[in-house]
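Notes follow once the structure below has been shown.
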Amino acid sequence: MIAAVLLDRDGTIVRDEPYNGDPALVEPLPGAKAALDELRGLGLGVALVSNQSGIARGRITRAQVEAVNARVIELLGPFDAVLYCAHGPEDGCSCRKPQPGMLLEAMRTMGVDPHECVMVGDKNDDIEAAHAAGVRGLKVDANVGLAHAMPALRCLYGDSGNVDDTA
Ligand SMILES: [Zn+2]
């Protein structure tokens with residue numbers, strides 16, 4: 001059974017625009033809106049967990065990342081948690097994927113357990129972070145994104161129909 005889907009942002013729900021600080025450049029991947037609406041319609045939580053090392057690198061500001069995230073929400077609808085890591089690879093933080101920190105925080109926010117969650121992302125770091133958090137990982141092609149994962153997500157969701165919730 002699954003209760004929530006954790007999503008990478010760039011290359012998963014919007015086209016990957018490196019170090020994007022411009023809301024006008026946000027472009028949803030094909031089918032991403034329909035996919036997210038389908039997940040929400042099933043009653044699943046949806047959370048965004050994104051590495052934004054451009055902040056640590058001085059390429060973009062937090063305000064720009066937050067403006068881009070606001071545009072993502074405007075185009076693709078609300079998320080139950082929106083988290084980003086502002087650190088760089090050298091900072092040794094616990095939030096930058098492949099570390100599991102953001103995933104754990106998103107699950108705490110949504111009140112769900114790792115075994116009820118799936119992480120969808122286009123990078124190995126997303127999948128490693130998922131496994132470090134005890135979550136299933138689904139890797140998608142960055143040109144296709146979330147739509148690529150929907151058959152597997154429907155299948156995982158469908159399995160919950162066989163679970164006896166009185167057990
Ligand atoms: Zn971090």
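Structure notes:
- Residue within region 134-141 that is aliphatic (A, V, I, L, M) and more than 20 Å from residue 52 (Cα to Cα) present: yes
- Checked against the criteria, residue 95 does not count as hydrophobic (A, V, I, L, M, F, W, C) and touching a Lys or Arg at 6+ places or on another chain (Cβ under 6 Å).
- Scope region 105-126; condition over 15 Å from residue 50 (Cβ atoms) and not polar (S, T, N, Q); matching residues: 107, 108, 110, 111, 112, 113, 114, 115, 116, 117, 118
- Selection status of residue 161, away from the ligand (no atom under 16 Å from the Cβ), modelled with pLDDT under 95 and surrounded by fewer than 18 Cβ atoms within 10 Å (Cβ to Cβ): yes
- Residue 60 within 27 Å of residue 155 (Cα to Cα) and either surrounded by fewer than 19 Cβ atoms within 10 Å (Cβ to Cβ) or over 17 Å from the mean Cα position of the chain (by Cα) (or both): no
- Here 12, 109 are screened, and the one residue that is closer than 19 Å to residue 150 by Cα and among the hydroxyl-bearing types (Ser, Thr, Tyr) is 12.
- The residues listed here are 92, 145, 77; of these, the one that is on the phi > 0 side of the Ramachandran plot, crowded, with 18+ Cβ neighbours inside 10 Å and of a type outside the set (A, V, I, L, M) is 145.
- Only one of the listed residues (16, 22, 37) is loosely packed, with under 14 Cβ neighbours inside 10 Å and within 18 Å of residue 119 (Cα to Cα). That residue is 37.
- In region 30-45, the count of residues that are within 16 Å of the ligand (Cβ to nearest atom), under 14 Å from residue 12 (Cβ atoms), touching a residue at least 12 places away in the same chain (Cβ under 8 Å) and not in a loop (DSSP other than H, G, I, E, B) is zero.
The values are calculated or read from the model by the stated rules, or taken from the named source; none is laboratory data. Predicted model only: the values in this text are computed from it and were never measured. All Cβ positions, glycine included, derive from the backbone under ideal geometry; neighbour counts span all protein chains shown.
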